[in-house]
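Below is one structure, written out as structure tokens, with a few remarks after it.
The values are calculated or read from the model by the stated rules, or taken from the named source; none is laboratory data. These numbers come from a predicted model, not from an experiment. Counting neighbours? That spans all protein chains shown, and the Cβs are built from the backbone with ideal geometry, glycine included.
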Amino acid sequence: MTRDVQRFLRILVLLSLAAMMYAKLSDGSLAFYINRRFAWLSLLAVVLLVLLALSATWQWVWQQRRGRAMQRVAAEEEEVVLLHPLQKLGEHRLSVGALLLLLLPAAAGLLVPPRPLGASAVEMRGIGAFAPERPASIARLASGEPSNILDWLRAFARESDPAAFAGRAVDVVGFVYKDPRAAKNEFWVARFMVSCCVADAAAVGLLVRSDQAPNLPADTWVRVVGRFGVGTFAGERVPLILAERVEPTAPPAQPYLYP
């Protein structure tokens, strides 16, 4: 591989990564991969990648012009003269395979439709019925009813007896997860909780009892409306939603919850 081809591929890698990250930022799908509070870091990365690509392009053009100006210099002298300080910084050669490998994340990000984690990921990671407390969440719960699965789990953490929630109205949205340990008329309405990125994502959910459960495919997004009762799961007493309505719904724009 000639030096010109190598330099072109380096610039292509930098611009492709910048384009992929910008596309994720602009369409909102970056939140499928990282916590949205880190979006500004991704924007900063886009700017830096573009600046690096521009720097590499300028260096390449400078070397081309310098090379033409020195064509009549002896080959031995030319190799020394052309080693401008900027050129020395970029002379590390990478194989074609290594450069193509660096292009894979950008190609995958641009060509593969983004999808949030779902029921298949729950099967590998398991599902939890516990959520960490946060000062903001405590203040929000003190001023009104829990609004999502995470809020309810935080409320449960402050009560030792699941019966304390019996009769409480509940209205939550999540995807269907079928746990083999649950009864046939039960399923989990679940969401993923993301602290930093999908690598640390943890599934949390509420157990639901409904006659519709056998007909609900896994990963279906549903709105569950009902009241709490007390059920048993894996040998433990847990709050259980006695569903009055289970309605298919579109996935929310932001499928993850943040602790």
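Do we have Val208 as part of a strand (DSSP E or B), within 20 Å of Arg158 (Cα to Cα), touching a residue at least 24 places away in the same chain (Cβ under 8 Å) and in contact with a Leu (Cβ under 9 Å, 6 or more places away or on another chain) here?
Working: part of a strand (DSSP E or B): yes; within 20 Å of Arg158 (Cα to Cα): no; touching a residue at least 24 places away in the same chain (Cβ under 8 Å): yes; in contact with a Leu (Cβ under 9 Å, 6 or more places away or on another chain): yes.
Criteria not met by Val208.
Given the conditions (1) more than 25 Å from Ala107 (Cα to Cα); (2) modelled with pLDDT of 75 or more; (3) surrounded by 14 or more Cβ atoms within 10 Å (Cβ to Cβ), report the number of the one that Trp60 does not fulfil.
(1)
Residues in the range 182-189: is at least one of a type outside the set (Phe, Trp, Tyr), over 17 Å from Pro248 (Cβ atoms) and buried (at least 16 other Cβ atoms within 10 Å of the Cβ)?
yes
Assuming Arg227 fulfils every condition listed in (1) in contact (Cβ under 8 Å) with a residue 60 or more places away in the chain; (2) out of contact with any helix residue (DSSP H, G or I) (no Cβ under 7 Å at 6 or more places or on another chain); (3) closer than 21 Å to Val122 by Cα apart from one, which condition is it?
(3)
With the condition kept exactly as written, say whether any residue in the range 232-246 is at pLDDT 90 or above and under 30 Å from Lys24 (Cβ atoms).
No - not one qualifying residue is present in the range 232-246.
With (1) closer than 24 Å to Ser29 by Cα; (2) in contact (Cβ under 8 Å) with a residue 12 or more places away in the chain as the list, and Ala213 as the residue in question, which single condition is left unmet?
The one condition Ala213 does not meet is (1).
Could you identify the single residue in Arg181, Arg227 that is of a type in the set (D, E, K, R) and assigned to a strand (DSSP E or B)? If you could, list the steps in order and put the result at the bottom.
Working: Arg181 fails: assigned to a strand (DSSP E or B).
Of Arg181, Arg227, the one residue that is of a type in the set (D, E, K, R) and assigned to a strand (DSSP E or B) is Arg227.
It is to be established whether one or more residues within the range 162-177 are over 20 Å from Ser120 (Cα atoms), more than 30 Å from the chain's Cα centre (by Cα), part of a helix (DSSP H, G or I) and not hydrophobic (A, V, I, L, M, F, W, C).
Restricting attention to the range 162-177, the residues satisfying the condition of being over 20 Å from Ser120 (Cα atoms) are 162-172.
Keeping just the survivors that are more than 30 Å from the chain's Cα centre (by Cα) gives 162-169.
Next cut, part of a helix (DSSP H, G or I) only: 162-165.
Now drop any that are not not hydrophobic (A, V, I, L, M, F, W, C), which leaves 162.
Yes, the range 162-177 has at least one match.
In the range 17-43, which residue that is in contact with a Pro (Cβ under 9 Å, 6 or more places away or on another chain) and part of a helix (DSSP H, G or I) is surrounded by the fewest Cβ atoms within 10 Å (Cβ to Cβ)? Give the derivation first.
Step one: of the range 17-43, the residues in contact with a Pro (Cβ under 9 Å, 6 or more places away or on another chain) are 17, 20, 24, 27, 29-33.
If we keep only those that are part of a helix (DSSP H, G or I) as well, we get 17, 20, 24, 27, 29-32.
Numbers: Leu17: 21, Met20: 20, Lys24: 21, Asp27: 9, Ser29: 15, Leu30: 21, Ala31: 20, Phe32: 16.
The qualifying residue surrounded by the fewest Cβ atoms within 10 Å (Cβ to Cβ) is Asp27.
Which of the residues belonging to the range 230-239 are part of a strand (DSSP E or B) and touching a residue at least 40 places away in the same chain (Cβ under 8 Å)? Break it down stepwise before answering.
First, the residues of the range 230-239 that are part of a strand (DSSP E or B): 230-233, 236-239.
Residues satisfying the conditions are Val230, Gly231, Phe233, Arg237, Val238, Pro239.
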